[in-house]
């Protein structure tokens, strides 16, 4: 019996997605499970003093640390995480560095209230097969103690709670605020403004952002754009078969990504031709509250169901109308000569030897030595992988074009599982007779241009 292989990496990615969705859905012990954990604990908010909670189910705890009162006189950061959140795990070395830097005045506790230590170890061991660098943090932590979730409910992780030397909650905020500058300022007694995580009840926004008000009926069709609001978590595409409407929402989404949704055909080819253009390109390596507040918005529209295939057109019009009024720019499809990379055929003989004729093409397998074997993949798989892995070119989204002449042909090739530059990518492509070269091409783009 011929079975189709599924790579371990794809299986883990699928698990990440399913697990994260469960955390964000109505699962019994997911991140909406507060009522099933306890009804007796009142959630804490900024300005509240933390009660003298006893630490249970601890790991890496120093001797003598039994209760919250033992941390009086220290700045405390509770780092909530989950094994379903790869970003949380990748963040831990950074948090360990901060702990060493401020060892006299700071205590960082890694908190996983919804998973036991046994569950965590099992998941980490599975992840190590694909990501050897994944490990459990050396920081002191608490696992499987659900009261911490009840005291500090949240919709997603990583999620950070800052508690001052007197035991008062001073911030419930985003992970990226945990940096040397902010910690040093707080320790000096300075007030640091951070975006606070708002726990907005799901019923207030899960289906629509514009609910009925008193006797006023809910509008049939509308579009709304809101400023960044940290409590809104869900993107949505909801069909109301009774009202015959489609509601589309993108929550707290970067301007560049909003336009990608409205104009998917341009994907990586969005060019900001406006003052301070560099500030408008999305860069996950430069996260800050200022960037979230200035460049992220929530968009929602409700349109007749019979127009459901045109929602992107409606969205494009809405975005241009809004940003033209408030930011003085709009998006216009155009032609432009841009720097890019092109995938070219270098050795046809080598390529012909890699043409795939198997019965089950499209198989991806990861090897133990850090490579991915693509069986029967199209050339577009290479360009997509390059755009995703390399991400930026001169501070702008990287564009990779296919100029091999290969469209429907399927080929076999092997690439490094992680490549950070063109050289390492070309090393793998050379064995297939292909190469990526730097070039300039006149292509269709979405030009974000200033308007008066």
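Read the figures in this text as sums done on the coordinates, not as results from a lab. Treat the numbers as computed from the prediction; the structure is a model and nothing was measured. Counting neighbours? That spans all protein chains shown, and the Cβs are built from the backbone with ideal geometry, glycine included.
List the residues of the stretch 216-241 whose backbone N lies under 18 Å from a point placed 7 Å from the Cα of residue 305 along the Cα-to-Cβ direction.
Backbone N within reach: 218-222, 237-241.
Can you give me the three principal axis dimensions of the stretch 337-452 from its C-alpha atoms, in Å, biggest first?
In descending order, the Cα extents are 58, 29, 24 Å.
Which order do the peptides 156-163, 328-335, 376-383 come out in when sorted by mean C-beta neighbours inside 10 angstrom, highest first?
156-163, 376-383, 328-335
If each of residue 180 and residue 401 carries a label point 7 Å out from its Cα toward its Cβ, how far apart are those two points in nm?
Distance between label points: 4.3 nm.
Between residue 187 and residue 345, what is 0.36 nm times their sequence separation minus the Cα-Cα distance? Round to one decimal in nm.
Additional length available on full extension: 51.0 nm.
Extending each Cα 7 Å along its Cβ direction at residue 196 and residue 243, get the distance between those two points in nm, one decimal.
Computed distance between label sites residue 196 and residue 243 equals 3.0 nm.
Hey, rough spin-label estimate for residue 57 and residue 101, points 7 angstrom out along Cα→Cβ, what's it come to in nanometres?
For the pair residue 57/residue 101, the computed spacing is 3.1 nm.
In the stretch 64-87, whose amide N lies under 17 Å from the spot 7 Å out along Cα-to-Cβ of residue 121? List them in ranges.
Within reach of a label on residue 121: 83.
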